[in-house]
Amino acid sequence: MSAKYVLIVDDDPDLVETVSMILESKGYEVGKAYDGIEGGEAIKKRRPDALVLDVMMPRKNGYQLCKELKADQATRGIPVVLLTAVGEAVPTTTYSHAEGMAVEAEDFIPKPVDAATLVEAVERLL
Amino acid sequence: METSDRIRIGGLKILEGGACVVSSSPLGANCLSADICAPLAQKKINLTFFTHLSGDRQVMCTADEVGETAFTLVKSRAAPGTELRLQRGTAVISVYPHDKGPEIMGTFIRSLARARVVLHGLASSPSAISVVLSARREKAVVEQLFEHFHFPAFASPQEFFEAQLPPEELVQQVVATYQEKVIKVYWILPQPDLDLWGATISSTAILEGFAHALIDMGKLGLKIPFIVANPGLGGRDFLLSFSTLKAASQGDQGPEVRRILQWHLPEIRPMRLTPVAGIFFHGPHFGDRYGVVYTFLQSLARVRVSLLALSCTVSSVSAVLKQQELEAAVQVLQKTFAAPSPGAPRPFGRPGGGAGGPRP
């Protein structure tokens with residue numbers, strides 16, 4: 001059986017590297033994109049089995065991309081894990097869990113990412 | 001150049017509006033004491049780029065508006081005999097991911113040569129390779145990068161520049177102000193069994209011979225997880241340092257690396273230190289936050305670990321140290337920072353997921 005394909009979209013290249021190492025070490029095939037627009041293009045080329053999506057990104061943020069995917073019949077079934085920098089460490093952020101829930105993401109993981117939590121979240125969705 | 005001839009790469013970032021402090025200390029001075037970063041952290045000055053090579057030189061970049069303050073603060077803590085220079089109007093250009101591939105690094109440096117830049121500093125993070133240069137050369141560099149790389153998000157340099165947000169909008173987007181009592185990190189990744197290579201080299205030789213040497217090293221299947229080049233005060237001779245990691249199946253490739261260096265750079269005398277270890281350390285918005293590297297250096301000083309080389313760029317801190325000090329370093333960093341339990345990501349270049357690093 002071929003490996004499940006997970007696409008990571010984040011504008012922090014070092015984070016993309018780290019998350020891809022984690023998922024590859026668990027046997028997933030990993031695709032990488034570095035902003036919301038590139039992420040959308042990558043999904044058109046190859047539909048991922050799951051999407052790990054950062055919220056704060058230039059050009060198109062994670063909420064916008066998630067909203068577009070969920071509004072499109074062809075892509076609404078792709079499970080999305082949002083990586084959100086909200087919570088006690090970032091009291092001044094304008095992003096919120098409520099906004100994430102409104103765009104129908106399947107799961108949220110606060111940054112910094114804990115490997116076990118991320119792998120668990122992806123496995124739960126696949 | 002046709003798209004098919006270019007190397008496909010993920011992305012390109014430019015950090016404009018910078019200033020750069022280059023310092024050169026007399027050999028043997030403890031110039032990487034955490035003290036040197038302390039006043040910058042106290043004044044909440046973020047280092048957007050910071051490199052150090054053992055016993056001698058450092059490059060520190062800040063936002064342009066605080067460049068003079070940073071220069072004064074560094075000068076106030078510098079060891080006697082240290083020479084300093086402030087360069088304003090700099091930019092940091094990074095491409096990613098390099099996948100530790102020397103051929104990508106070599107092609108990046110070759111693009112800089114063709115854009116006729118004067119290097120103020122060069123460094124890698126786990127995913128990116130970055131250069132500090134005068135902002136005036138930025139357009140020429142981007143044009144050259146598009147000649148050698150294919151960036152899927154942008155069809156042309158014009159498209160890339162049109163997509164860049166004005167700096168004030170960028171600042172508005174980075175609204176997250178991290179206020180943890182203990183700094184959180186994604187990973188502290190130890191990497192034992194590296195070779196560290198060092199040489200004094202002219203800037204012309206970096207841009208030409210060293211770029212070609214890297215491309216040849218890529219053909220050997222070597223991985224380069226760390227690279228730093230720091231200029232001397234005249235900007236002519238550089239201290240160059242890079243580490244190599246062999247694939248698990250390969251034997252000692254040191255003689256072959258030396259042969260390639262001597263073929264392309266007959267005038268240099270490369271030194272090899274082996275084995276050494278790397279620590280790769282990465283957290284949220286580390287590129288935008290002050291005080292992270294100060295806390296890092298302070299914690300290592302507590303256990304008397306001294307670094308052979310250091311680079312901070314993009315959102316990571318990468319350090320090279322003596323192999324026997326790796327365990328103490330990882331332990332103190334685990335205690336100082338809020339890090340997830342170690343073990344998930346495998347060290348670079350270890351096929352099959354074998355864990356090569358210590359597990360404190």
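Residue separation times 0.36 nm, minus the C-alpha to C-alpha distance between B:ALA63 and B:ILE14: what's the value?
Additional length available on full extension: 16.3 nm.
Kindly write out, for the range B:101-111 in residue order, the coupling ³J(HN,Hα) from the Karplus curve 6.51 cos²θ - 1.76 cosθ + 1.60 (θ = phi - 60°), rounded to whole Hz, with x marking Gly and Pro.
Along the range B:101-111, the couplings run x, x, 5, 6, 4, x, 5, 4, 5, 5, 5 Hz.
Give the shape of the range A:5-125 as rounded, prolate or oblate, defined through the alpha-carbon gyration tensor: a ≥ b ≥ c are the square roots of its eigenvalues, a/c under 1.5 means rounded, and otherwise the shape is prolate if a/b is larger than b/c and oblate if not.
rounded
Kindly put B:HIS98, B:HIS150 in sequence by how many other C-beta atoms sit within 10 Å of each C-beta, fewest to most.
Ranking B:HIS98, B:HIS150 by Cβ neighbours within 10 Å, fewest first, gives B:HIS150, B:HIS98.
Of the options B:LEU53, B:THR69, B:SER23, report the single residue whose Cα projects farthest towards the positive end of the charge dipole of the range B:1-112 (beta-carbon charges: Lys, Arg +1; Asp, Glu -1).
B:THR69
What list of ³J(HN,Hα) couplings, whole Hz, do you get for the range B:184-189 from phi and the Karplus terms 6.51, -1.76, 1.60, once you set θ to phi - 60° and write x for glycine and proline?
8, 10, 6, 8, 10, 10
Can you give the log10 of the normalised intensity I(q)/I(0) at q = 0.07 Å⁻¹, computed with Debye over equal Cα scatterers of chain B?
Reported log10 I(q)/I(0), two decimals: -0.27.
How big is D, in µm² s⁻¹, for the range B:201-314 by Stokes-Einstein at 4 °C and 1.567 mPa s if Rh is the Kirkwood radius over C-alpha pairs?
Working: Rh = 16.2 Å.
Calculated translational D: 80 µm²/s.
Around A:ILE43, with a cut-off of 11 angstrom between Cβ atoms, what is the net charge of the other residues, counting Lys and Arg +1 and Asp and Glu -1?
Numbers: positive: A:LYS44, A:LYS45, A:ARG46, A:ARG47; negative: A:GLU38, A:GLU41, A:GLU68, A:ASP72.
It works out to a net charge of 0.
I'd like the Karplus ³J(HN,Hα) series for the range B:127-135: coefficients 6.51, -1.76, 1.60, θ = phi - 60°, whole numbers in Hz, and an x wherever there's a Gly or Pro.
Using θ = phi - 60°, the values come out as 10, 10, 10, 10, 10, 9, 8, 5, 4 Hz.
Give the order of B:ILE45, A:ILE22, A:ILE43 when sorted by the count of other beta carbons within 10 angstrom, beginning with the fewest.
Details: B:ILE45 19, A:ILE22 26, A:ILE43 22.
Starting with the residue having the fewest Cβ neighbours, the order is B:ILE45, A:ILE43, A:ILE22.
Mind checking which lysines have their Cα closer than 27 Å to the Cα of B:LYS75? Skip sequence neighbours fewer than 8 apart in that chain.
B:LYS43, B:LYS44
To the nearest 20 debye, what is the magnitude of the charge dipole of chain B about its Cα centre, counting +1 on the Cβ of each Lys and Arg and -1 on the Cβ of each Asp and Glu?
Using only the charged Cβ atoms, the result is roughly 840 debye.
Considering amide H positions built from the backbone, and no H for Pro or chain starts, which residues 5 or more places from B:SER125, or on another chain, come under 5 Å of its amide H?
When sequence neighbours closer than 5 places are left aside, the close amide H contacts are B:SER130.
With a/c under 1.5 counting as rounded, go ahead and sort the protein assembly as shown into rounded, prolate or oblate using the C-alpha gyration tensor (a ≥ b ≥ c being the square roots of the eigenvalues; past the cut-off, prolate if a/b is larger than b/c, else oblate).
The shape class here is rounded.
Mind checking the dipole of the protein assembly as shown: about its Cα centre, +1 per Lys or Arg Cβ, -1 per Asp or Glu Cβ, Debye to the nearest 20? Write out the running numbers ahead of the final one.
Values: 49 positive and 52 negative charges, 214 e Å.
Dipole of the protein assembly as shown, to the nearest 20 debye: 1020 debye.
What share of the DSSP beta bridges in the protein assembly as shown is antiparallel, in percent to the nearest 5?
That works out to approximately 80 percent antiparallel.
Taking only DSSP H segments of four or more residues, each worth -39500 (n - 2.57), what value at 222 nm results for the protein assembly as shown once the sum is divided by all its residues, to the nearest 500 deg cm²/dmol?
-8500 deg cm²/dmol
Quick one: putting +1 on the C-beta of Lys and Arg, -1 on the C-beta of Asp and Glu, what dipole do you get for the range A:5-125 around its Cα centre, in Debye to the nearest 20?
Values: 13 positive and 22 negative charges, 93 e Å.
Taking the Cα centre of the range A:5-125 as origin, the dipole is about 440 debye.
Select from A:ILE78, A:PRO110, A:PRO58 the residue farthest towards the positive end of the dipole of the range A:5-125; place +1 on Cβ of Lys and Arg, -1 on Cβ of Asp and Glu, and compute about the Cα centre.
Final value for the positive-end residue is A:ILE78.
Can you give me the long-range amide H partners of A:THR75? Hydrogens built in the peptide plane at 1.01 Å from N, cutoff under 5 Å, separation of 5 or more residues or another chain.
none
With contacts defined as alpha carbon pairs under 8 Å and 6 or more residues apart, what's the relative contact order of the range A:5-125 in percent?
For the range A:5-125, the relative contact order is 23 percent.
If you find the alpha carbon centre of the range A:1-72 and of the range B:298-318, how far apart are they in angstrom?
31 Å
Can you give the FRET efficiency for A:GLU41 and B:VAL182, using 1/(1 + (r/R0)^6), R0 = 41 Å, r = Cβ-Cβ distance, to the nearest 0.05?
0.60
Every number here is computed from the coordinates shown, using simple stated rules; none is lab data. On a predicted model such as this, the values are computed, not experimentally measured, just so you know. Because the Cβ atoms are built from the backbone with ideal geometry, glycine has one as well, and the counts that use them run over all protein chains shown.
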